[in-house]
Amino acid sequence: MFTHIRSYEVLEVLRMDHMKGLYVDLIECHLKENVSIDELATIGNMDILSVIRSEGDKHICLVLGHETEDANDVFSELNLIYTAPSLISEERIIVSFISGQKDMMRFVEVVKANIGKVVNMTFKQSTYEKKVLQSILTDKQREIMNAAYRYGYYDIPKRISSEQLSERLNISKPTLLEHLRKAERRLFTEIFSGSPEMSN
């Protein structure tokens, strides 16, 4: 990976599919001298889908990542929601995610066994109550997200597919996924910004 780049930072995790070992991220990469972004089709195990903006050696790119089979086997067992900031360079790796304590400690064990030592860890305890978080959702978003959780859509592995869930709720699959995405976005925005004012 570091033949052509010095480092990259994940600006936003747009999609993560642990079952298939795929993810879509918005990243900012810093290239090494005399390397052109036009020469690169991949960065490590990530395909460059689009270069959004370039400024000097910094480039903001939309990428499709492929987890190795071994990594996917290990990490798909953990209940982690990856978030920004994450920074990867030759000297260090910084990752951020939301998780319970048990999965977090298991993640640390996996990192120590397969990658290297953990130098620093910071934990932040969520202070939100269920009723506060759910209050930022529309009635429809809350109803669909509660049903998704109850029927096992968020379980690993899933106990119900999006098609099956849409049939149970008597709505189309695209409508279901749109409501879930908007609800998830609202929840994540509230968690990270703490702002009570949300847009649709």
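Every read-out reported here was derived from the displayed coordinates using simple, explicitly stated rules and does not represent laboratory data. Predicted model only: the values in this text are computed from it and were never measured. Glycine also receives a Cβ, built like all others from the backbone with ideal geometry; neighbour counts cover every protein chain displayed.
For every other residue with a beta carbon closer than 13 angstrom to the beta carbon of I60, add +1 if it is Lys or Arg and -1 if Asp or Glu, then tell me the sum.
Working: positive: R53, K58; negative: E9, E12, D25, E28, E55, D57.
So the environment of I60 carries a net charge of -4.
Distances between placed amide hydrogens fall under 5 Å for I52 paired with I60, C61, L62, all partners being 5 or more residues away or on another chain.
For the chain, averaging the sequence separation of C-alpha pairs within contact (under 8 Å, six or more residues apart) and dividing by the residue count gives a relative contact order of 15 percent.
Each helix, a run of at least 4 DSSP H residues, gives -39500 (n - 2.57); summed and divided by the residues of the chain, these come to -10000 deg cm²/dmol at 222 nm.
What stretch of the chain, leaving out the sites themselves, is the longest with no GluC sites (Glu not before Pro) in a DSSP loop having at most 10 other Cβ atoms within 10 Å? The longest such stretch corresponds to 130-196. Net charge of the neighbourhood of R159, taken over other residues with C-beta under 15 Å away and scored Lys/Arg +1, Asp/Glu -1, is 0.
Our summary gives the stretch 130-193 a relative contact order of 38 percent, counting only alpha carbon pairs under 8 angstrom and 6 or more residues apart. For A113 and N45, the difference between the fully extended length at 0.36 nm per residue and the C-alpha to C-alpha distance is 22.4 nm. Here each label is just a point 7 Å from Cα along the line to Cβ, and for L64 and F188 those points are 1.9 nm apart. Placing a pseudo-label 7 Å from each Cα along the Cα-to-Cβ vector at I93 and V35 gives an inter-label distance of 1.8 nm. Summarising the label geometry, the points placed 7 Å from Cα in the beta-carbon direction at K158 and D103 lie 1.6 nm from one another. Straight-distance candidates among the aspartates and glutamates for linking to K20, with alpha-carbon spacing under 16 Å and chain neighbours fewer than 8 residues away dropped: D47, E67, E69, D70, D73, E77, D155. With a cut-off of 12 Å between beta carbons, the residues surrounding L87 carry a summed charge of -2, where Lys and Arg count +1 and Asp and Glu -1.
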